[in-house]
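A short write-up of the structure that comes next.
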Amino acid sequence: MRSDRMKQGIEKAPHRSLFQAMGYVRDEIERPIIGIANSANEVIPGHIHLHRISQAIKDGIRLAGGTPMEFFTIGICDGIAMNHEGMKYSLGSRELICDSVEVMAMAYPFDGLVLVTNCDKIIPGMLMARMRLNIPSMIVSGGPMLAGRFKGREVDLISVFEGVGKVAAGHMDINELTLLEDCACPGPGSCAGMFTANSMNCLSEALGVALPGNGTIPAVHAGRVRLAKMAGMKIVELVKKGLRPHDIVTTDSFINAISVDMAFGGSSNTALHLPAIAHERGLELPLKVFDEISEMVPHICNMSPAGPHHLEDLFDAGGVYAIMKELSRKGLINKECMTVEGKKVGEIMKRVAVMNQDVIRRVEKPYHEKGGLAVLSGTLAPKGAIVKRIGVKEDAWHFVGTAKVFESEEEAGKAIMKGKIKPGDAVVIRYEGPKGGPGMREMLTPTSILSGRGLDTACALITDGRFSGGTRGLSVGHVSPEAAEGGPIAFIHNGDKIEIDLNKKSINLLVSKSELEQRRKKWRSPEPKIKEGYMARYAKLVTGAASGAIFKF
């Protein structure tokens, strides 16, 4: 066993003595030792209950004859970090989480790992570590939050963000917003729509690195505890079989995951995280793969914020494997991919069914013929940009607007709140990319205020930053190269015309080549926004969004 490095032989007597100092008996030390990386804390609603999930995993490990040993990682709630300097640190935390799990699993050679997670950057950070370490392991999430209820309708966190814009526009009074605020997030779990956290938790199933139900069983259901207990039992089995991440996750696994992503219209952030996870696996996952799959896979599950359904609805309808089973009818899922259950995808799909065709439509009758995300390119984004096209009304798929340029999210947010953005404006927010931010902040506040003001179909928002999975409207992010690297977004002037065509998948700055070249020659890289500490180091190491904002040394 891998753990023998720290417990077997006469020379490891001091090591065993230290384990006994913590209360472990000899029988426990001799068993397979399973590390539990728990991201529980008291600052994320999706993680507030993870101690209970971790305890259930420990129970399962002990039932199967293993010994659990728990340690902890950091975690950031993007909703609480949103729209202030804290958001600069969110994406950067992904690499810290990955590194911290690696450090612990190398210092303590566990036989296996269970990674307990739930929210935005914690999930991909742990998945990256899993691929890097390549020891038997699996992901267990804390599950999605239930939707709230307000005036007889389902609401979620995005309803509150958009409510801010409605108040600014005079469409809602402050008392009504307060009532909405009180009920939109009714309890623990990752926020109720198909935002980044739930997208990644669902894709963990499609990748084969989590048990079925990981992405959809609500946080408050007893099934969530049972799933955690089963995961504890299963990890000991994986250790005994020697089934490692690289045996499970292949290029075909990523193609399955992207296909599911397109089918349920997941967060645009998946185009940032999946390439980073693939990189740790030693695989390339360029943006063109997302684009190719999006052209083939129909959008059959319309989730909030683009549609009416929440994760509890998807759970009742059969969950992620029900989506996969429906896609397989069109040959869009590879059934031969292995999973941490020790079974192939096709075997698992035999025991599931679509229980509600209003939530998971037939492939013959999709919401949209093509998938949720589209990759745009053109003179404004030579290396690509991402748009969640299912969140854009079709009458806005071709847009020509007048640029209004802002050098930060704060500048743009103030202008939108004060009513300075009008129909036909193309709001450009730059120097918010991985290097320029640094940290590639999410732009949920400005997009939500635009939506609340009723401008999400009349304006575009273009940024080298990124968007929350809760964003809708003509919001184009991940513009690459970013402004800090001297990408064309850095050369836009107020009043320039910008054309976006989702049918042609193009985004162009309507300025002559000669004029653009003159602007390029005059451009000077600005001073870093953060000059010391972790994010200053991050800015020097991180690559662009098109490659997943990974570190390259």
Rounded if a/c is under 1.5, else prolate if a/b is larger than b/c, else oblate: which is the range 35-194, with a ≥ b ≥ c the root eigenvalues of its Cα gyration tensor? prolate
Evaluated at 10 °C and 1.306 mPa s, the Stokes-Einstein D of the range 431-487 based on the Kirkwood radius over Cα pairs, in µm²/s, stands at 141 µm²/s
Projected onto the charge dipole of the chain (+1 at Lys/Arg Cβ, -1 at Asp/Glu Cβ, origin at the Cα centre), which of I44, Y321, N118 gives the Cα projection farthest towards the positive end? Y321
Nonlocal amide H pairs with H368, under 5 Å, H built at 1.01 Å: H299
Percent of Cα-Cα pairs per 5 Å bin, from 0 to the last occupied bin, for the range 280-363, please list those. 3, 13, 20, 20, 21, 16, 7, 1
Step by step: find N for the chain, compute 2.2 N^0.38 Å, then divide the Cα radius of gyration by it. What's the final number? 0.96
First obtain the Kirkwood hydrodynamic radius of the range 331-397 from its Cα pairs, then insert it into the Stokes-Einstein equation at 37 °C and 0.692 mPa s, and state the resulting D in µm² per second as a whole number. 212 µm²/s
Using alpha-carbon coordinates alone, the radius of gyration and Dmax of the range 381-477 in Å work out to 12.1, 35
From the backbone phi of the range 37-48, what are the Karplus-calculated ³J(HN,Hα) couplings (6.51 cos²θ - 1.76 cosθ + 1.60, θ = phi - 60°) in whole Hz, Gly and Pro given as x? 8, 9, 9, 4, 7, 10, 10, 10, x, x, 10, 5
What whole-number volume per residue, in cubic angstrom, does the convex hull of the C-alpha atoms of the range 211-346 give? 114 Å³
Using only alpha carbon pairs under 8 Å that are at least six residues apart, calculate the relative contact order of the range 146-188 and give it in whole percent. 54 percent
For K383, other-chain or 5+-apart residues with amide H closer than 5 Å (H placed, Pro excluded) are S480
Within the chain, what percent of beta bridges assigned by DSSP are antiparallel, to the nearest 5? 40 percent
How fast does the range 135-174 diffuse by Stokes-Einstein, in µm²/s, taking the Kirkwood radius from C-alpha pairs at 10 °C and 1.306 mPa s? 123 µm²/s
Using only the Cα atoms, what convex hull volume per residue in Å³ does the range 428-553 have? 130 Å³
Would you kindly derive the ³J(HN,Hα) couplings of the range 542-553 from the backbone phi angles with the Karplus curve 6.51 cos²θ - 1.76 cosθ + 1.60 (θ = phi - 60°), listing them in order in whole Hz, with x for Gly and Pro? 6, 8, x, 5, 4, 9, x, 6, 8, 8, 10, 9
Please give every one of the aspartates and glutamates within straight-line cross-link reach of K552, meaning a C-alpha to C-alpha distance under 13 Å, and leave out same-chain neighbours fewer than 8 residues apart. E95, E280
Roughly how many whole Å is it from the C-alpha centroid of the range 234-311 to that of the range 8-83? 27 Å
The number of Lys pairs in the range 469-539 whose alpha carbons lie under 26 Å apart, excluding pairs fewer than 8 residues apart on one chain, is 11
Residue by residue through the range 429-438, which ³J(HN,Hα) values in whole Hz follow from phi under the Karplus form 6.51 cos²θ - 1.76 cosθ + 1.60 (θ = phi - 60°), with glycine and proline marked x? 10, 10, 6, 10, x, x, 7, x, x, x
In whole percent, what relative contact order does the chain give with Cα contacts below 8 Å and a gap of six or more residues? 14 percent
Over the range 168-269, the quotient of the Cα radius of gyration and 2.2 N^0.38 Å is 1.44
Would you list, by chain and number, the aspartates and glutamates whose Cα falls below 14 Å from the Cα of K234, excluding same-chain residues fewer than 8 positions away? D59, D111, E341
Between beta-carbons, use under 11 Å as the cut-off and find the net charge around G112, counting Lys and Arg +1, Asp and Glu -1. +4
Using a ≥ b ≥ c from the Cα gyration tensor of the range 196-249 (square roots of the eigenvalues), is it rounded, prolate or oblate, where a/c under 1.5 gives rounded and otherwise the larger of a/b and b/c decides, a/b for prolate? oblate
Expressed as a percent, the accessible surface of the chain that is carbon or sulfur, using a 1.4 Å probe and the full set of protein chains, is 53 percent
Exceeding 28 Å between C-alpha atoms, which entries from my cross-link table qualify? They are K365/K393; K393/K540; K335/K370. K393/K540
Just tell me which lysines come within less than 20 Å, Cα to Cα, of K241; anything on the same chain fewer than 8 places away is out. K58, K229, K343, K344
Given q = 0.14, 0.16, 0.26, 0.33 Å⁻¹, what are the Debye log10 I(q)/I(0) values for the range 105-155, with equal point scatterers placed on the Cα positions and solvent ignored? -0.48, -0.56, -0.99, -1.24
Restrict the search to the range 510-552; then list the GluC sites (Glu not before Pro) that DSSP places in a loop and that have at most 11 other Cβ atoms within 10 Å of their Cβ. E532
Cα convex hull of the range 110-208: mean projected area in nm², to one decimal? 7.5 nm²
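The values are calculated or read from the model by the stated rules, or taken from the named source; none is laboratory data. The structure displayed is predicted, hence computed values, not measured ones. Ideal geometry is used to build each Cβ from the backbone, glycine not excepted, and the neighbour counts take in all protein chains shown. Only protein heavy atoms, including side chains, enter the accessible area calculation; ligands, DNA and RNA are left aside. Shrake-Rupley method; radii C 1.70, N 1.55, O 1.52, S 1.80 Å.
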